[in-house]
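Remarks on the structure that follows.
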Amino acid sequence: AIDLAVSQEPYDRRDSTRRPFLFGFLLGIGIRIPVSHNVRLFAELDYQFLFSDLFYMPFYGQLGIEYVF
């Protein structure tokens, strides 16, 4: 996926310069495990690569339960 982030806050609070947006790529892998007809468990791991020198977390994940109706 293409990852875009729009800045609302100044890059440096002492300076009014704003970075209008960050551009990068988002790659991920995941799994869904059916528990019943309407319920599934899922796990996902994502890698975020931004073309920026700002701090960000390149890896993050999710665990959860989905209910399909």
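The figures follow:
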| item | result |
| --- | --- |
| Residues whose placed amide H lies under 5 Å from that of GLY28, excluding near-sequence neighbours | TYR47 |
| Rough spin-label spacing in nm, given labels placed 7 Å along Cα→Cβ, for LEU63 and ALA5 | 2.5 nm |
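Any read-out appearing in this document is the output of simple, stated calculations on the displayed coordinates, not a laboratory observation. The structure displayed is predicted, hence computed values, not measured ones. Glycine also receives a Cβ, built like all others from the backbone with ideal geometry; neighbour counts cover every protein chain displayed.
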